[in-house]
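Quick notes on the structure that follows.
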Amino acid sequence: MNVLLSLDGLSYQIFERRAQQFVGKGFSYCKKMITTFPSVTFHAHAAAITGNNPDKHLVFDNVVARLQTMERIELYKDHDSICNEALHKQTLFYSLARNGLRSCCIHWPLTTGNPYIQHLVTESSSKKKLQGAASVVEIDNVALHETIQTIESEAYDFIAARFVGYDALSHHYGKDSMEAAEYLERLFEHIGQIDLTLRKSQQPYNLFLFSDHGQSDVQSFFYPNEILAQSRWREQLSNKQIRFVGDGSGSLLFYSSLCHLQNREIMDCFNQFTEVNHFYEITGEARSEYKPVGILDLNHKVCGEDIVAPEQPKYMEMKSLHGYHPSNVDEMNGFMVCMGEGIEKGKTIEEAHLQNIAPTIAELFQISHECDGTKINDMIREYE
């Protein structure tokens, strides 16, 4: 049995302070798990479970837009337009099912309707069962209960689960706040319970614990659509030919039906703002009605929103956010620890990429999984 647990939003720098309690138990440790850009939940989890880059899995952010209409689409409810068969067939769940192996998935993004998962609990379905404004404590308690129950059933070869509480509390109180720190201790207790359950089981296992991205405390906000509304491109914005899309993030997707030359003029204009680190142009052959033409990466501690007047800001009260390019804002990167019969004991490596998680787990199952990532050989035990 292989178990993959995601602690949403925990940077490698925060985890470093607590890493020894895992290393001391024999866990192998990847100090820095290089995240995706934008460094946000849905984008990162798509990379981790497919092993692919966005030009293949076509998940670009937590919020995307339909190019023809500039309709803003939030993916938090596993929107069917993105969560489709083309994505499902790229996941590790598909490769496992092809080899007769059974998967359980708990609160992992973009899994709704995935026919290759034998037991699926989505975060949205858990919130409905909890009713009302479910707290992150309740949501993570569901994830813990479901994970332990499925381990004890011994009915599944692979279990993937995600815990959301630290990320949510960091947003509201700050990544180093007392509230976030206290909740992190609760999450580590959850991990301890899961680890103990695996140890008591009668079958061999490998346990992976990782984070998808980190957090950065916010000091100021930037509204690029409002800038467009007051520029020579205001008519194109009004006609829904261009739009920035984001969700309180260190980066925003740029959608445009204009020609390449006009897009470059807009990019050059925004590159002159002190709040902007760089306006990246997206290239590649893959086509999708949800694919942006560029990503506006903001400077450290500047957060972007996609509002257009008379819309009002939603994230002014947020203390810590993410999305920044991990090469420029180091605390966007996560970590990974792992232990089990197929893992080298007490091994420490400096870094790996999120895309390497899926092929590494596939290697432990001794199955093929075609993807952009490569297995992390340094952490896999070699047998004669």
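The values are calculated or read from the model by the stated rules, or taken from the named source; none is laboratory data. Being a predicted model, the structure only gives us computed values, none of them experimental. Here Cβ is always computed from backbone atoms with ideal geometry, including for glycine, and neighbour counts include all displayed protein chains. Please note that ligands, DNA and RNA were not included when accessible areas were found on the heavy atoms of the full protein model with its side chains. Shrake-Rupley method; radii C 1.70, N 1.55, O 1.52, S 1.80 Å.
Values computed for the structure shown
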read-out: Furthest towards positive pole of dipole, 48, 121, 82, structure part segment 24-154, Cβ charges; value: 48
read-out: Distance-filtered residues of segment 192-220 - backbone nitrogen under 19 Å, label point 7 angstrom along residue 349 Cα→Cβ; value: 206-213
read-out: Nearest-10 value in Å² for the accessible area of residue 69, using the 1.4 Å probe; value: 70 Å²
read-out: Overall form of segment 121-177 per C-alpha gyration tensor (a/c, 1.5; a/b vs b/c); value: oblate
read-out: Whole-percent carbon and sulfur share, accessible surface of segment 304-368, 1.4 Å; value: 45 percent
read-out: Solvent-accessible area of residue 36 with every protein chain in place, 1.4 Å probe, in Å² to the nearest 10; value: 10 Å²
read-out: Gyration tensor verdict on segment 6-140 (Cα atoms; rounded if a/c is under 1.5, prolate if a/b is larger than b/c, oblate otherwise); value: rounded
read-out: Accessible area (Å², 1.4 Å probe, nearest 10) - residue 275; value: 60 Å²
read-out: Top of 374, 348, 112 by mean-square fluctuation, Gaussian network on the chain, Cα under 10 Å; value: 348
read-out: Heavy-atom SASA rank of 369, 79, 43, 172 (probe 1.4 Å, accessible area, largest first); value: 172, 79, 369, 43
read-out: Contour minus Cα-Cα distance for residue 274 and residue 71 (0.36 nm per residue); value: 70.2 nm
read-out: Inter-label distance, nm, simple model (7 Å from Cα along the C-beta direction), residue 261/residue 55; value: 2.6 nm
